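Data block below; observations after.
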Amino acid sequence: MKMAINTLAEYLTNRPSHIAVLLCLFLTSLTATAETVEVRLPTGITTSANFHIGDPAQPAVLLLHGFHQTHHSQPMSTLAANLASKGYTTLSPTITLGVNKRSQSMACEAVHTQTIQDNVAEIDYWVNWLGNKGYKNVVLIGFSSTGNIAILSYNAQGPHPAVKKAILVSMNPILTDNSERQKTLAETTPKRQANGKKLGLFSVGYCKNNFTATTNSYLSYAQYDASKVLELIRQTPVATELVFGSEDTILPANWPSQIKALKTRAQVTIIDKANHFFDDTSEFDLSEEVENILKNLPAQ
């Protein structure tokens, strides 16, 4: 959160005014009301989340980071800080990836044993955590491939009744080598389940031939190609909004158009001049768009 506040302070410095100064002081005071929550998951692994208590009448927002990152990573950390400044309750957990008390981004070469379904189970834990605190309107916000795919998969299996909306930022399918996937899938049959725990080197996203994982872990990621993700979006039972940057070079060709062609309840918004990570001043455009979506939700 401190990083987000510093970024906003620099942005406002170029627009000097008494209001800007007061806003910076207000945001600084917010850090005192945020807390780090540490929990022990049913798996026995300990993890943490950044939790900010806001206006109880407004929806609670759970923000999920992208591939290999933590709750400290942008743009979700910046978005959480901006939403907290507007009075929203925010919860930003770190997905463990099977690592106890993980506090740093995961390297491609590190051993991966956790599957997407394991990630989904952690989302379920945190949504129930909010529900147990009395929050009746929860919004799930994800980023990039794995954060958004975990949310879509969670919603597909039947979300908590409190989940009223999903906002998917820079949603993209997981890039893998199809021939590698088919070969690995053929080697991991019901008769050869032991192979599921076998370690190998794979290509997943930006990890090129160095994604060190069990075959079960790798295959759980690799199945989410473009067609699988589009199907999840089409079938999602939760009202969903997708937000993209017009300068996002990571997305497949015509990706937003493919989503629009599904003709579902899912809404697509393009933010002009923003890239995949909503760097620089685009972070405030993203925050404004998310706030506009949240304002249309019912009070707690």
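Using a 7 Å offset from the Cα along the Cα-to-Cβ direction at both residue 247 and residue 272, what is the distance between the two label points in nm, to one decimal?
1.3
Ranked highest first by the average count of other Cβ atoms within 10 Å around their residues, in what order do 209-220, 271-282 fall? Please report the intermediate quantities before stating the final value.
Numbers: 209-220: 20.2, 271-282: 17.2.
Output ranking for 209-220, 271-282: 209-220, 271-282.
Using unit Cβ charges (K, R positive; D, E negative) and no other charged atoms, how large, in debye to the nearest 20, is the dipole of the chain about its Cα centre?
Working: 24 positive and 24 negative charges, 188 e Å.
That gives the chain a dipole magnitude of about 900 debye.
Rounded, prolate or oblate: which one fits region 69-185, using the alpha carbon gyration tensor with axes a ≥ b ≥ c (rounded when a/c is under 1.5, else prolate when a/b beats b/c, else oblate)?
prolate
Among 112, 215, 147, whose Cα projects farthest towards the positive end of the dipole of the chain, with charges put on the beta-carbon of Lys, Arg (+1) and Asp, Glu (-1)?
215
I want to verify a result. In a Gaussian network model of the chain, Cα cutoff 10 Å, which of these has the top mean-square fluctuation: 162, 186, 107?
186
Out of all DSSP beta bridges in the chain, what portion is antiparallel? Express it as a percent rounded to 5.
Once the DSSP bridges in the chain are tallied, antiparallel ones form about 40 percent.
What residues of region 254-273 lie in the reach of a label at residue 235, counting those whose backbone N is under 18 Å from a point 7 Å from the Cα along Cα→Cβ?
Flagged as within label range: 259, 262-266.
If you average the sequence gap of Cα pairs under 8 Å that are 6 or more apart and divide by the length of the chain, what percent do you get for the contact order? Before the final figure, lay out the partial values.
Working: 545 pairs, mean separation 51.4, N = 300.
It comes to 17 percent, rounded to a whole number.
For residue 242, which sequence-distant residues (separation of 5 or more, or a different chain) have an amide H within less than 5 Å of its own amide H, given hydrogens modelled in the peptide plane?
Residues meeting the criterion, in which the H sits 1.01 Å from N, are 168, 267, 268, 269.
Residues in region 226-255 near a label at residue 264, defined as backbone nitrogen under 12 Å from the 7 Å Cα→Cβ point?
227-242
What residues qualify as long-range amide H neighbours of residue 204, i.e. H under 5 Å apart, gap of 5 or more or another chain, H built at 1.01 Å from N?
Under 5 Å from the amide H of residue 204: 209, 210, 211.
What is the count of Lys pairs in region 162-237 whose alpha carbons sit under 26 Å apart, if the two are 8 or more places apart or on different chains?
Taking the Cα cut-off of 26 Å, the pair count is 13.
Could you identify which residue out of 262, 64, 130 has the top mean-square fluctuation in a GNM of the chain using Cα springs shorter than 10 Å?
262
Arranged from highest to lowest average of other beta-carbon atoms within 10 Å per residue, in what order do the peptides 133-145, 49-61 appear?
Details: 133-145: 21.8, 49-61: 19.6.
The packing order, highest mean first, is 133-145, 49-61.
When ligands, DNA and RNA are left out and all protein chains stay put, how many square angstrom of accessible area per residue does the chain have with a 1.4 Å probe?
46
Treating the angle as unsigned and between 0 and 90°, give the value, to the nearest 10°, between the Cα long axis of helix 2-13 and the longest Cα principal axis of the chain.
50
Can you compute the modelled spin-label distance between residue 125 and residue 295, with each label point 7 Å from Cα toward Cβ, in nm?
3.7
With springs only between Cα atoms under 10 Å, which of 106, 76, 171 fluctuates most in a Gaussian network model of the chain?
106
In whole percent, and with a 1.4 Å probe on the protein chains, what portion of the accessible area of region 114-161 is carbon and sulfur?
Whole-percent figure for carbon plus sulfur exposure: 45.
Tabulate in residue order the Karplus-calculated ³J(HN,Hα) for region 172-184, using 6.51 cos²θ - 1.76 cosθ + 1.60 with θ = phi - 60°, rounded to whole Hz; enter x for Gly and Pro.
Result, rounded to whole Hz: 9, x, 7, 7, 9, 8, 4, 5, 5, 5, 5, 5, 5.
The values are calculated or read from the model by the stated rules, or taken from the named source; none is laboratory data. Everything numeric here is computed off the predicted structure, so don't read it as measured data. Cβ atoms come from the backbone with ideal geometry, glycine included; neighbour counts cover every protein chain shown. In case anyone asks, the SASA skips ligands and DNA or RNA and just uses the protein heavy atoms, side chains included. Shrake-Rupley method; radii C 1.70, N 1.55, O 1.52, S 1.80 Å.
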